[in-house]
Amino acid sequence: MSDTDYDVIVIGGGGAGLAAAVTAAENGASVILFEARKELGGSTALSAGLFTAAATSVQRALGIDDSAEKYFQHYMDLNQWMLKPGLIRTFCEQAGPTLEWLIELGLDIPAQTSGNAHQPGLSQAGVEDVWRGHVPKDQGYGLVQVLDAARRRHGIEVVLDTRVQALLTENDRVVGVVADDVELRSVAVVVASGGFARDPELIDIHFPAANRAGSALFVVAAEGSRGDHLRYAPSVDASIAGHGWGLMLPTVYFQRYHHWQSGFPPKSRIHVNAAGRRFMDEDASYAVSTGIIDGQGGSAWMIFDDDARLNLPAGYADWAPDRIEDEADAGRTLRASSLAELAELMAVPAAALDSTVERWNAHLPHGEDPDFLRHRTLANKGSTSNPEPVETAPFYAARMLPAELVCTHAGLEIDSDSAVLTTRGTRVPGLFAAGEAGAGVLGQRYVGGGNAVANALTMGRIAGRNAALHTVDAQPLTA
């Protein structure tokens, strides 16, 4: 027998793990993948599959001129240059080729304009001037199916419902894993176990800002997001990066599901602060909207009228006419017969609220928004009609705040080769990480829809290739 059971062991069967496993196998490595849950996919399968990338064939087919350099500059500027430029440049350069690799594997992204994250094509992912949000058919589930089909073609073994307990080390090198109290040896290990959004204790330590949502907090990450990567760190003196960073989406207090289950708030809504004044584009990208709300003290009010409530489609868990009525009956959502009465319940100046609604009604229903340019955002989302005036009593006010925890950014610090770094800044021999488990790409500011999926698959592919380099002559990743 050889000294190793497999060339590469991958921990985690989400987007990052599958990309790593398939790429390692493409480069000649024998691979086994462990997944803690009963099925593959992780948070990637639950996502819209939106993938941010620059200089792609989809963009070119639509006549869009883009480059990795433009993407890099935008990414770093949005994160105030608090990320390692070398790592981010590699990510931006390799995201496009990774998308092309997925298309070659069978992912279908039509060359058409998309108005949202659920319409296949090219969409505006965040606040970029060049659209980079690639939406595949069949969403994240379809993306996982394409990767899993490639996994099966390469004969990569998968062990489901098995959580890796520990990394196996010898002489400061990672030489395998321990699972079900059994040691399995390899030349390299890729940690792609996801984030820690489902572990309250780790949230307290590494992303305490999420707790500001209190009872309104809800988590949409996969159930397997238990922070295994952080528990592996001490045994190899791995550095932890991204402390305090993660993605919180702003929602109303009563939302408990991602929007495809919860539904969407009405188009005719006004976001106002504690002074009773409008302060933002109500459809601003979540790349910036959470920060805008944090700048107003961490929460704000969403104002809408009874016409908006009644026009909500039935059948959704949260944003449905009856649900809003129930919340108002219980006194949790404010309801009043006039704006003056609503202002009193909100404890905001009545004159300011009245002026805010009057100005909104004078512009948005007529297709213009001189203050916050929401008409441009609505157009980019494919809206073909203007919002209706907010004028039909009763009026409602619901507290909104960053409360939807999507992903966490604290993880094993990696370099541009997806190699895990020690607290001394040196590489841990034989250990790679990607996705939420490999920290350094997802920063303080989430760049926009598809940032996490692009990070997972791009860095997963890099991790798989470099893990394979330990054992075979791998083919380099090229644009």
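The values are calculated or read from the model by the stated rules, or taken from the named source; none is laboratory data. Here the structure is a predicted model, which is why all the values come from computation and not from measurement. Counting neighbours? That spans all protein chains shown, and the Cβs are built from the backbone with ideal geometry, glycine included. Just so you know, the surface numbers come from the protein's heavy atoms only, side chains and all, with ligands and any DNA or RNA stripped out. Shrake-Rupley method; radii C 1.70, N 1.55, O 1.52, S 1.80 Å.
For beta carbons closer than 8 Å, sequence separation of 6+ or different chains, a first residue in the range 322-345 that is closer than 17 Å to Asp305 by Cβ and in contact (Cβ under 8 Å) with a residue 40 or more places away in the chain and a second that is of a type in the set (Lys, Arg) and crowded, with 16+ Cβ neighbours inside 10 Å, the qualifying pairs are Ile324/Arg309; Ala328/Arg335; Leu342/Arg335. Among residues of the range 407-433 that are touching a residue at least 24 places away in the same chain (Cβ under 8 Å) and under 21 Å from Gly224 (Cα atoms), those with a Cβ under 8 angstrom from a residue that is surrounded by fewer than 21 Cβ atoms within 10 Å (Cβ to Cβ) and acidic (Asp, Glu), sequence gap 6+ or separate chain, pair up as Phe432/Asp417. Put simply, of Gly244, Gly276 the only residue that is small (Gly, Ala, Ser), open to solvent by less than 10 Å² (accessible area, probe 1.4 Å) and modelled with pLDDT of 95 or more is Gly276. With the condition kept exactly as written, say whether any residue in the range 186-199 is open to solvent by 30 Å² or more (accessible area, probe 1.4 Å) and in contact with a Gly (Cβ under 7 Å, 6 or more places away or on another chain). Yes. Comparison of Asp318, Asp371 shows that the only residue that is surrounded by 20 or more Cβ atoms within 10 Å (Cβ to Cβ), of a type in the set (Asp, Glu) and under 30 Å from Gln444 (Cβ atoms) is Asp318. If the condition is being open to solvent by less than 10 Å² (accessible area, probe 1.4 Å) and under 28 Å from the mean Cα position of the chain (by Cα), then the range 321-343 contributes only Ile324. For Leu18, the requirement of being touching a strand residue (DSSP E or B) at 6+ places or on another chain (Cβ under 8 Å) and within 19 Å of Ala287 (Cβ to Cβ) is not met. In the range 362-383 there is no residue that is in a loop (DSSP other than H, G, I, E, B), in contact with a helix residue (DSSP H, G or I) (Cβ under 8 Å, 6 or more places away or on another chain), of a type in the set (Gly, Ala, Ser) and within 30 Å of Asp199 (Cα to Cα).
Residues in the range 382-401 include at least one that is open to solvent by 10 Å² or more (accessible area, probe 1.4 Å), under 28 Å from Gly295 (Cβ atoms) and charged (D, E, K, R). For the range 364-384, taking the residues that are small (Gly, Ala, Ser) and within 29 Å of the chain's Cα centre (by Cα), the one that is modelled with the highest pLDDT is identified as Ala379.
Under the condition of being in contact (Cβ under 8 Å) with a residue 24 or more places away in the chain and either open to solvent by 70 Å² or more (accessible area, probe 1.4 Å) or over 30 Å from Ala125 (Cβ atoms) (or both), the residues counted in the range 357-368 number 3. Considering each residue of the range 143-154 in turn, at least one proves to be under 21 Å from Met459 (Cα atoms), in contact (Cβ under 8 Å) with a residue 60 or more places away in the chain, open to solvent by 10 Å² or more (accessible area, probe 1.4 Å) and outside any helix (DSSP H, G or I).
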